[in-house]
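In what follows, a structure is listed as structure tokens, so that the remarks can point back to it.
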Amino acid sequence: MKILLIYFSGTGNTKMITELYREAFENAEHEVTVTELPSTHERLVETLAESYDIIGIGYPIHAFNAPKLILKLCKLLPKLNAKRGKSKRVFIYKTSGEPVRMSDVSSLKMRKLLKKRGYTVTGEYQYVMPYNIIFRHSDKAAYKMWQTAKSLVPVDADEILRGAPHLPKNVILGGFLAWVLRIEHPGAKFNGKFFRANKDCVKCGLCVKACPADNIKIKPDGKVAFGGNCMMCMRCAFNCPKNAIDIGLFKSWKVNGKYSFDPPDDDSANGKHDNYCLSAYERYYAEAQRRIAQNAAEHGDGIDDIL
Ligand SMILES: Cc1cc2nc3c(=O)[nH]c(=O)nc-3n(C[C@H](O)[C@H](O)[C@H](O)COP(=O)(O)O)c2cc1C
């Protein structure tokens, strides 16, 4: 089969999951094309979508929603005529910092848009990855998230190839909640205007080059200017080598510096955030273990305790 993976990733988590999918599908001897938003040319999306058997769309959850450019992508996909048997299989994969059920509402709008265009969403998969805003997860937590995703994505890829449905349960008032929280889309533009490079900035220009919205400029007087097109993906502030970008009204939620995802040096807990959404994390890991073990049993493989 020919499989297209289209994704957006602000700070790399969704990109890492995309690479796991690529590997899993290629290992199963399918042809995979990976394309990252927003660099994908709009026309290209149209032609690409036409010629693939399965399309995977990946995004980081932003305020319990998909980023605006993911909705834009769904609107750009060519309409298929389902009545003439021209439907196409789509699966959604998303990353988030916490695994609360509310996250299931993030895809409602895009699923509606996709359905309208004749695409059938057969599966939706969420992977917990470390926060790029709010607080920094411990190295231990990030390592566990990554190890889990590495074992889980091949299981999910297997299910996607079989065409087995995997959709989240409905959340009461989910559509309404997601609609309210889409205030984040204009809110990101508004808050972005308050981003500042502080006195530690060395004008290296990395943020200018990295910004997916082309929203950061170095002015002739040497000052770094943030425009009105921010999508709050956090790429600039997260990757700033001098930790010199203040993120407007959410200043105290900034997370700076890549996660290592290597085995942590010391086995100590993170302390402060240990009990944060604890039952949701426990449920996520238990469900992941169950799926991985079930898949291994079905394939007759042994399984190490990954967690
Ligand atoms: C503006 C913004 C809003 C976010 N909102 C949520 C959220 O509602 N729920 C959640 O679990 N994580 C949330 N996150 C965390 C990201 O979804 C998470 O860290 C994700 O893995 C980042 O992926 P990326 O590195 O591909 O951008 C948010 C991050 C940002 C920047």
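Residue farthest toward the positive end of the dipole of the chain, with Cβ of Lys/Arg at +1 and Asp/Glu at -1: which of MET231, PRO264, MET129?
So the residue we want is MET231.
List the Cys residues of the chain that have no partner Cys with a C-beta closer than 4.7 Å.
Singleton cysteines: CYS74, CYS201, CYS204, CYS211, CYS230, CYS233, CYS240, CYS277.
Mind checking the dipole of segment 182-253: about its Cα centre, +1 per Lys or Arg Cβ, -1 per Asp or Glu Cβ, Debye to the nearest 20?
120 debye
Once you order the gyration tensor axes a ≥ b ≥ c over the Cα atoms, which shape class does segment 121-162 get: rounded for a/c under 1.5, otherwise prolate or oblate by comparing a/b with b/c?
oblate
Please rank ARG162, ARG283, fewest neighbouring Cβ atoms within 10 Å first, as an exposure proxy.
Ordered from fewest to most neighbouring Cβ atoms within 10 Å, ARG162, ARG283 come out as ARG162, ARG283.
Explain nothing, just compute: Karplus ³J(HN,Hα) = 6.51 cos²θ - 1.76 cosθ + 1.60, θ = phi - 60°, for every residue of segment 166-174 in order, whole Hz, x for Gly and Pro.
Taking θ as phi minus 60°, the curve returns 8, 10, x, 6, 5, 9, 4, 6, x Hz for segment 166-174.
From the P(r) of segment 1-134, can you give the percent of Cα pairs sitting at distances over 23 Å?
Above the 23 Å cut-off, segment 1-134 has 28 percent of its Cα pairs.
Counting other beta carbons within 10 Å of each Cβ, put LYS109, LYS94, LYS72 in order, fewest first.
Going from least to most buried by this count: LYS72, LYS109, LYS94.
Quick check: from the Cα gyration tensor, does segment 13-78 come out rounded (a/c under 1.5), prolate or oblate?
Oblate is the answer for segment 13-78, as a/c is 1.5 or above yet b/c matches or exceeds a/b.
Hey, if you drop one equal point scatterer on each alpha-carbon of segment 98-173 and run the Debye formula without solvent, what base-10 log of I(q)/I(0) do you get at q = 0.21, 0.24 Å⁻¹?
Summing over Cα pairs of segment 98-173 leads to -1.08, -1.18.
Starting with the fewest neighbours, write out HIS137, HIS185 ranked by other beta-carbon atoms found within 10 Å of each beta-carbon.
Ordered by Cβ neighbours within 10 Å, fewest first: HIS185, HIS137.
As a check on your grasp of the helix formula, calculate [θ] at 222 nm for the chain: sum -39500 (n - 2.57) over DSSP H runs of n ≥ 4, divide by the residue count, round to the nearest 500.
-11500 deg cm²/dmol
Under the classification rounded if a/c is under 1.5, otherwise prolate if a/b is larger than b/c and oblate if not, where does segment 182-253 fall, given a ≥ b ≥ c as square roots of the Cα gyration tensor eigenvalues?
Prolate, because a/c is 1.5 or more and a/b exceeds b/c.
From the P(r) of the chain, could you give the percentage of C-alpha pairs in the tail past 36 Å?
18 percent
A short reminder: the numbers here are calculations on the coordinates, not readings from a lab. For clarity, every value in this text was computed on a predicted model and none was experimentally measured. When we count neighbours, we look across all protein chains shown, and the Cβ atoms used for this are built from the backbone with ideal geometry, even at glycine.
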